[in-house]
Amino acid sequence: MITAAQMRAARALLGIDQRTLARLAGVSVPTIQRMEASTGHVRGIVDSLTKVVAAFDAAGVELIGDNAGSAGGGRGVRLKSEDAP
């Protein structure tokens, strides 16, 4: 799952706006707006969520889940290493 805060942080890392993310993910701008307005985990159609996560992945952003490979143990985002597959 992705949180609204992760979506906003990932966009900030990439330096893109909601319109650009919508285009990259193949969803509408209102869909991105609704997702980012969610409290906690993003609510939405699974297909749309999958497209957004795939767009971030293709753009080089890794979404970090709870307690996953992070010194702090919380959720977050980071740019992928250029050596990553």
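Those residues that are under 15 Å from residue 57 (Cα atoms) and either open to solvent by less than 50 Å² (accessible area, probe 1.4 Å) or acidic (Asp, Glu) (or both), I need them from region 15-37; list them, please.
16, 20, 21, 22, 25
If we keep just the residues of region 25-49 that are without any contact (Cβ under 8 Å) to a residue 40 or more places away in the chain, of a type in the set (A, V, I, L, M) and assigned to a loop (DSSP other than H, G, I, E, B), which is farthest from residue 3 (Cα to Cα)?
Out of the qualifying residues, it is 27.
The values are calculated or read from the model by the stated rules, or taken from the named source; none is laboratory data. Treat the numbers as computed from the prediction; the structure is a model and nothing was measured. Here the Cβ is made from the backbone with ideal geometry for all residues, glycine too, and neighbour counts use every protein chain on show. All accessible areas refer to the heavy atoms of the entire protein, side chains included, with ligands and DNA or RNA removed. Shrake-Rupley method; radii C 1.70, N 1.55, O 1.52, S 1.80 Å.
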